């Protein structure tokens, strides 16, 4: 699970985290009490639909602004450590 | 079930499905106002939204949705009356938010078809089902720097957020050639609709292929090889070549191992075009649990049948109907219609204008294919910029029909029209071509006959083809003569002689 | 007159009339900040020079007769979850410690356009995850009423700032109670608007379907003043409401006769501090005396609120925080080649996030990742969304019978720092009375209704149907005309803030 979340956990953290998470998961399992067979999920509290914008250009950031917080860059590109193998997903 | 592929009739069926991503031809990205123009310097078309900066929020591009709707309608899909977007969560440096906004369980369209017919008739009609068409955002570009020892990867996020239509087919294709033809038809359709320019070199169309073999067993069962996904094909030709290679490879593996689908996980292989082979790619860890959930920063979209009708009405004709229309209206062959349609809507418009003016589709088609297209291919340029417009060409053709000059002369005049921009009449004048009047022609023929008694004797003796020898003399006397007319007149004159 | 003694409404009037200059106001509050912040730690960043320059330009414009915005000269503190282009924006996390966004949040732009003077960024629980402001990477905030106690969270810095008169108003954000609960524990007024009423553009997202930005001040009237400026449609936020924004300040002067206030008996179960219960019941009495009627109502799914919230929020958060990976901005761990990771890239992700995030953030990311993962999605996230609909239905049903719902905002007054940090679950339960508001998307306000024997504030909460801000503000304002709890100041603040010799 930590790998999926890209979080490195040290051994001592792992034990605490595991027990804390178990407690929390146990707590949220309270919801199993409720019969929700005929209930639709509510993902948005709003009932809004169809919000769009026009296909009109707006100003982009300059490259300098885009890279201003980059931990590593070469003035044009963001730089990250090597990725082994091909692209991550579809 | 067809036997398939190579020259040796091998007893298996190739099963191919395609997954195509097309970039929609909008001015701006799917969720922000950054430009989608191709070829800009790195990281110059980015903003907080497509950079995934903290606090940034997406807002849907209306035109992108409309174009996607057009594509789905043209592919005969069912349009969902209610659709929503979902987050596809994974980590990769070209995906700055750490998720891609895509569509998971309620895509805006499903269940379509696109048929392709090969006008050459080498492959039978191929009806390919479309599983779904959905709308999602593109990721940026990552470039691995092999040269520098540090092994950095460079990230350009210009492309991040570009609107993409993902088109997934049923595994209905049965050969690599079918796949290429189908892709051509898809590209033609989307270009005709103005949905995408489908330019693989610029990355506005990308294809992945899924392929396996169905092998009938002695006991009547069908054995199926594991499905392989092929990536990294950069042209339709590459797709065909990769599928040919892969089919052969899988057959070889089958004969050695008899490994069937289900026992091994789906493999991904990359096509190496220079080497002409597919190579296994590193197996992706955690086989992608994307943890899809509804995108809370976007609201759902509803599409009414009235809205569908409105989009349909502005769609224009798809290539398949244009072809049929040309064949029916102008009595040209399926092959000719296909050639014209493949050149695009503008050339078809040129053709129809020309054919209308001269009242003959076949002649118009011949001129277009032989002369206009040849010139365009040699010099480059588009039909819109082509200097000889339909009316001018029609004028030229009319004079050919009237017998003023033969086709080869007409071609010379055509070249002059191209070079100088003159009308047919002006070109004729400037070239000093004067049409030889009939009386003059008859007089000239009498002169030639008088000067060539041997030929006259041959013709009288029954060898009409000898009359051809008179043409050269006639031309020397007057280069503007119409050879066909000269021949006819001479033979008539000879017959009239005693 | 001392600027710190004035309400925000009176202060902007004084500036507009020329009785006070913007520079005078700003300086007065900057001095208080300098004085108090060391002990309270409400601010992560104070922009003295920028604030004074802004105030100066307002004074110049005022003197030359140019029109001024409705908040001209008003010093405002902004929670460090909102992007400011000229100041670092950290969300109280090491992962954004030096991050400077290239743009202002929509709310920040609105404040600037209104000529408010932004004096600095306030401390908070890291990424808004917490109920005590003890989860900040830059030290906890101390409650001005008792420095050994927490101010509540996650907008603990903004709450403490207003409670200690470091600014007259502050901006907070509320995902499960993060404006209302600290307002309650600090004796001030805090409003969480209806979902979508205020644009979230530029708010560092925690849980996108729950987050809202809102005002925190000494009174409902002052909250109304700020809300008028920051509320409204933003085409850059797809979840932003298009409904027109009322002039809240002009809707306050209306009696409460005929207003029906609901009271939920389940709120008064064991676990509610008796002094708090008493304060809350007294608040109901005040409302009755003002002409409202009080009715017991049922909210049958109230007890599932915390469990639902602690599934929905972490799931959305686990995705919202995926962007903090050291790749394009924020903290990146220094490379240390290790065979423990599959590639240098994965190592960068894992170690940057491990170093940059605090324990509560990590917990919630893990929980959210788990609850969304294949095989568990239906049992956890999908289930929670269904219960969410039931909770919203409770509100819709209740509002058929009442116009407002009243009750406690917190089960206890301010608790001691360190008291709950050992048990994450205990900390989650501080949100008991506030999470359902966010799940249902309706609005809520909290304000002081009394004090414990030991002098700690007791908070009272009102909730209204969607777009019910006018009624929330009007009812709270009426309450504040009939009582003076909201005028009390932390005693001994001067002494407590004086630097020790």
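The values are calculated or read from the model by the stated rules, or taken from the named source; none is laboratory data. As the structure is a computational prediction, the values presented were derived from the model and not from experiment. For neighbour counting, all protein chains shown are included, and Cβ atoms are generated from backbone atoms with ideal geometry for every residue, glycine included.
Quick check on my filter: what residues within region B:53-76 are within 10 Å of chain A (Cβ to nearest Cβ) and surrounded by fewer than 22 Cβ atoms within 10 Å (Cβ to Cβ)? Selection gives B:60, B:62, B:63, B:66. Selection over region C:419-444 of residues that are more than 10 Å from chain A (Cβ to nearest Cβ), at pLDDT below 95 and part of a helix (DSSP H, G or I) gives a count of 4. The lone criterion from (1) surrounded by 24 or more Cβ atoms within 10 Å (Cβ to Cβ); (2) more than 12 Å from chain A (Cβ to nearest Cβ) left unmet by residue B:79 is number (1). Listed by position, the helices (runs of 4 or more DSSP H) enclosed by region C:270-387 that each have at least 1 residues that are buried (at least 22 other Cβ atoms within 10 Å of the Cβ) and in contact with a helix residue (DSSP H, G or I) (Cβ under 6 Å, 6 or more places away or on another chain) are C:305-320, C:344-356, C:359-372. Residues B:161, B:151: which one is more than 26 Å from the chain's Cα centre (by Cα), within 17 Å of residue B:28 (Cα to Cα) and assigned by TED's automatic domain parsing to the domain that holds residue B:74? The match here is B:161. Just one residue in the set B:422, B:409, B:446, B:389 is surrounded by fewer than 17 Cβ atoms within 10 Å (Cβ to Cβ) and in the same structural domain as residue B:341 (by TED's automatic domain parsing); that residue is B:389.
Taking the numbered list (1) crowded, with 24+ Cβ neighbours inside 10 Å; (2) in a loop (DSSP other than H, G, I, E, B) in turn, residue C:224 passes all entries but (2).
Among the residues of region C:332-365, the ones that are more than 9 Å from every other protein chain (Cβ to nearest Cβ), under 25 Å from residue B:157 (Cα atoms) and free of Cβ contacts under 8 Å to residues at least 12 places away in the same chain come to 1 in all.
If you go through region B:27-50 and keep only what is within 7 Å of another protein chain (Cβ to nearest Cβ) and touching a helix residue (DSSP H, G or I) at 6+ places or on another chain (Cβ under 6 Å), you end up with B:34, B:43, B:44, B:46. Across region B:233-253, not a single residue is classified as closer than 24 Å to residue B:171 by Cβ, surrounded by fewer than 14 Cβ atoms within 10 Å (Cβ to Cβ) and within 14 Å of another protein chain (Cβ to nearest Cβ). Going by the conditions given, is residue C:239 free of Cβ contacts under 8 Å to residues at least 60 places away in the same chain, within 14 Å of chain A (Cβ to nearest Cβ) and within 30 Å of residue B:58 (Cα to Cα)? So residue C:239 passes the test. Scanning region B:14-52 for residues that are surrounded by 21 or more Cβ atoms within 10 Å (Cβ to Cβ) and not in a loop (DSSP other than H, G, I, E, B) turns up B:14, B:16, B:17, B:18, B:20, B:22, B:23, B:28, B:48, B:49, B:50, B:51. A single member of C:329, C:324 is within 12 Å of chain B (Cβ to nearest Cβ) and within 30 Å of residue C:429 (Cα to Cα), and it is C:324.
The residue that is nearest to the other protein chains (Cβ to nearest Cβ), counting only those in region A:15-53 that are more than 19 Å from residue C:314 (Cα to Cα) and part of a helix (DSSP H, G or I), is A:33.
Scanning region C:122-143 for residues that are under 18 Å from residue C:356 (Cβ atoms) and crowded, with 24+ Cβ neighbours inside 10 Å gives C:123, C:124, C:125, C:126, C:127, C:128, C:129, C:130, C:135, C:136. Report yes if residue B:312 is within 14 Å of another protein chain (Cβ to nearest Cβ), under 27 Å from residue B:78 (Cα atoms) and either in contact with a helix residue (DSSP H, G or I) (Cβ under 9 Å, 6 or more places away or on another chain) or in contact (Cβ under 8 Å) with a residue 12 or more places away in the chain (or both), otherwise no. Spelling it out, it is not the case that residue B:312 is within 14 Å of another protein chain (Cβ to nearest Cβ), under 27 Å from residue B:78 (Cα atoms) and either in contact with a helix residue (DSSP H, G or I) (Cβ under 9 Å, 6 or more places away or on another chain) or in contact (Cβ under 8 Å) with a residue 12 or more places away in the chain (or both). When region C:232-260 is limited to residues that are modelled with pLDDT of 95 or more, in contact with a helix residue (DSSP H, G or I) (Cβ under 8 Å, 6 or more places away or on another chain) and outside any loop (DSSP other than H, G, I, E, B), the one that is surrounded by the most Cβ atoms within 10 Å (Cβ to Cβ) turns out to be C:248. Among the residues making up region A:1-14, those that are surrounded by 12 or more Cβ atoms within 10 Å (Cβ to Cβ) and part of a loop (DSSP other than H, G, I, E, B) are A:1, A:2, A:3, A:4, A:5, A:6, A:7, A:8, A:9. Go through region C:75-93 and report how many residues are crowded, with 19+ Cβ neighbours inside 10 Å and over 19 Å from the mean Cα position of the chain (by Cα). So the count comes out to 1.
Can you spot a residue in region C:162-185 that is within 14 Å of chain B (Cβ to nearest Cβ) and over 29 Å from residue C:354 (Cβ atoms)? Yes: one or more hits.
Taking the listed residues B:452, B:377, the one that is free of Cβ contacts under 8 Å to residues at least 24 places away in the same chain and exposed (fewer than 15 other Cβ atoms within 10 Å of the Cβ) is B:377, with no other qualifying. Residues in region A:54-71 that are farther than 30 Å from residue B:301 by Cβ and within 7 Å of chain C (Cβ to nearest Cβ): A:65, A:68, A:69, A:70, A:71. If you go through region C:59-73 and keep only what is within 12 Å of residue C:112 (Cα to Cα) and out of contact with any strand residue (DSSP E or B) (no Cβ under 7 Å at 6 or more places or on another chain), you end up with C:68, C:69, C:70, C:71, C:72. Among residues of region B:84-107 being free of Cβ contacts under 8 Å to residues at least 60 places away in the same chain, in contact with a strand residue (DSSP E or B) (Cβ under 7 Å, 6 or more places away or on another chain) and within 24 Å of residue A:80 (Cα to Cα), the one that is farthest from the other protein chains (Cβ to nearest Cβ) is B:100. When the test is whether a residue is touching a helix residue (DSSP H, G or I) at 6+ places or on another chain (Cβ under 7 Å) and assigned to a loop (DSSP other than H, G, I, E, B), residue C:87 does not pass it.
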